[in-house]
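Structure record follows, encoded as structure tokens.
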Amino acid sequence: MRHVIYYSLWCVLSLLCFTNCNNTSKTLPKDETKIEIDNDSIFYIPFVKLKDEIRIVITVRINNKVDAKLIVDNGIYSLHLSESFAQKHARDLEMTLYPNIQSIGSFHGSETKSYIAKGSFYFHVKDSVFKTVCNAGYGIDDEFIFEYADIVPDNQLQYLWDNELIDGVLPLEALAKQGIVLINNEKKRIEFPKKVDSIAIPYPYKKLQDGRQIVSFPLLFEKENKKEKFIFETSLDLGSSSRLFTLFQNSKIKTIVSQLKLYTITNFINNDAAKEMLFFNHLYAGGEYVIVKDVAFLQSPKDIIDLWLGISFLSHYNIYFDYSKQIIYLKSIQPSFSMADTNSILYGSLGIRKVSAEGFFLYEIMAINPNNIKINLQVGDQILRINDRDISKCSTILSDQSDTFVTVVRNKDTLTLFKK
């Protein structure tokens with residue numbers, strides 16, 4: 001059997017007919033251009049941010065048959081489903097699974113392999129219907145497939161999402177049939193306005209080959225009486241839950257590294273494991289740029305973009321995605337904010353997440369700010385528990401002000417460290 005994968009231009013997706021499990025009759029979905037109006041407001045989709053995963057999650061009914069909880073991500077361009085969900089609902093959703101055909105989606109990295117499921121997918125919310133998008137085509141035997149989902153094996157989901165809470169990931173562009181999609185972080189809902197708020201700041205984006213939206217994003221770095229603005233080629237990524245800026249050392253970044261270090265925290269301890277991040281304590285948002293104070297620069301590897309900003313940063317804005325004009329708009333919803341949880345017992349420390357061969361998470365401390373640390377951690381400590389919570393199965397490590405002690409492995413000793 002010969003399998004050939006083809007890249008395609010934007011797919012023109014045809015209407016899907018639905019099949020009843022008990023007979024062969026078909027029912028067309030409602031007009032997918034319709035936006036239902038509530039009694040007192042325009043149609044919207046509420047979202048939640050789960051405790052251990054701060055990414056945006058919505059509930060939809062796929063093909064009007066199967067309920068699913070999906071992360072909304074602007075960095076992918078096809079529906080992603082967990083393998084267990086796909087296998088359980090393959091018949092209801094009329095999917096054909098091709099486990100030997102590796103997908104070429106941008107959502108997963110080299111450590112995660114997904115495969116293709118042929119099928120057409122609609123997402124029902126109240127009386128509105130949205131259709132998935134696909135950015136590539138697949139030649140399988142003599143058939144050319146334009147409508148599909150990416151299936152992620154459950155044993156690889158620790159890199160991506162909690163399989164017990166989330167069924168998959170929905171591309172934000174699938175919700176953009178009206179052109180503009182608003183992530184309203186004030187009201188925790190997705191809206192579909194006809195125009196953008198006039199005070200929102202526009203950032204025209206270009207789309208990389210893997211689908212990422214890249215904007216020229218200005219940050220003003222400030223320390224004592226020194227100020228300087230740098231323009232970064234930046235990914236504004238709803239699918240990233242990091243509390244840190246991720247900075248890539250491409251050729252452009254190399255030219256400003258020495259300047260950027262003038263605005264970093266001089267007492268920030270780091271070791272050779274501290275890479276890929278730009279750490280800071282506080283931001284002042286709004287206007288034409290964002291002021292960044294108390295920054296620690298940590299060297300990073302080569303990449304095509306300069307800076308990666310995730311939902312921890314973006315949640316302080318209402319975000320308009322205008323797919324028709326290729327512009328992202330940010331409207332600040334608060335004058336200043338901190339990326340760090342200053343009440344957390346881990347405040348003042350920086351860790352790296354590792355995954356063991358058995359699929360468990362290991363969190364190792366790789367940098368410490370002695371002015372802010374609230375516990376006697378050391379670089380190299382491996383965190384086992386926060387209070388009595390085993391974090392080995394948590395894809396994101398979170399701590400709040402009620403936590404009083406942390407259990408770590410230091411060298412070969414297991415220690416309990418109490419809050420100062």
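Here is a yes/no grid of residues against (1) of a type in the set (Lys, Arg); (2) assigned to a loop (DSSP other than H, G, I, E, B); (3) within 30 Å of Tyr289 (Cβ to Cβ):
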{"residue": "His124", "(1), (2), (3)": "no, no, no"}
{"residue": "Val133", "(1), (2), (3)": "no, yes, no"}
{"residue": "Tyr138", "(1), (2), (3)": "no, no, no"}
{"residue": "Phe144", "(1), (2), (3)": "no, no, no"}
{"residue": "Ile151", "(1), (2), (3)": "no, no, no"}
{"residue": "Asn155", "(1), (2), (3)": "no, no, no"}
{"residue": "Asp162", "(1), (2), (3)": "no, yes, no"}
{"residue": "Glu173", "(1), (2), (3)": "no, no, yes"}
{"residue": "Lys177", "(1), (2), (3)": "yes, yes, no"}
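When the range 382-418 is filtered for residues that are charged (D, E, K, R) and either farther than 14 Å from Gly348 by Cα or open to solvent by 70 Å² or more (accessible area, probe 1.4 Å) (or both), the ones remaining, listed by number, are Arg385, Asp388, Arg389, Asp390, Lys393, Asp403, Arg410, Lys412, Asp413.
Consider the range 214-267 and keep the residues that are acidic (Asp, Glu) and either in a helix (DSSP H, G or I) or under 23 Å from the mean Cα position of the chain (by Cα) (or both). The one that is modelled with the highest pLDDT is Asp237. No other residue among Ser103, Ser128 is touching a residue at least 40 places away in the same chain (Cβ under 8 Å), open to solvent by less than 10 Å² (accessible area, probe 1.4 Å) and under 21 Å from Lys65 (Cβ atoms) apart from Ser128. Scanning the range 151-175 for residues that are open to solvent by 20 Å² or more (accessible area, probe 1.4 Å) and farther than 18 Å from Ala90 by Cβ yields a total of 8. Does any residue of the range 26-41 turn out to be at pLDDT 50 or above and in a loop (DSSP other than H, G, I, E, B)? Yes, there is a match, as at least one residue in the range 26-41 is at pLDDT 50 or above and in a loop (DSSP other than H, G, I, E, B).
The values are calculated or read from the model by the stated rules, or taken from the named source; none is laboratory data. The model shown is predicted, which means the values in this text are computed figures rather than measured ones. All Cβ positions, glycine included, derive from the backbone under ideal geometry; neighbour counts span all protein chains shown. When the accessible area is computed, the model is the full protein with side chains, heavy atoms only, and any ligands, DNA or RNA have been set aside. Shrake-Rupley method; radii C 1.70, N 1.55, O 1.52, S 1.80 Å.
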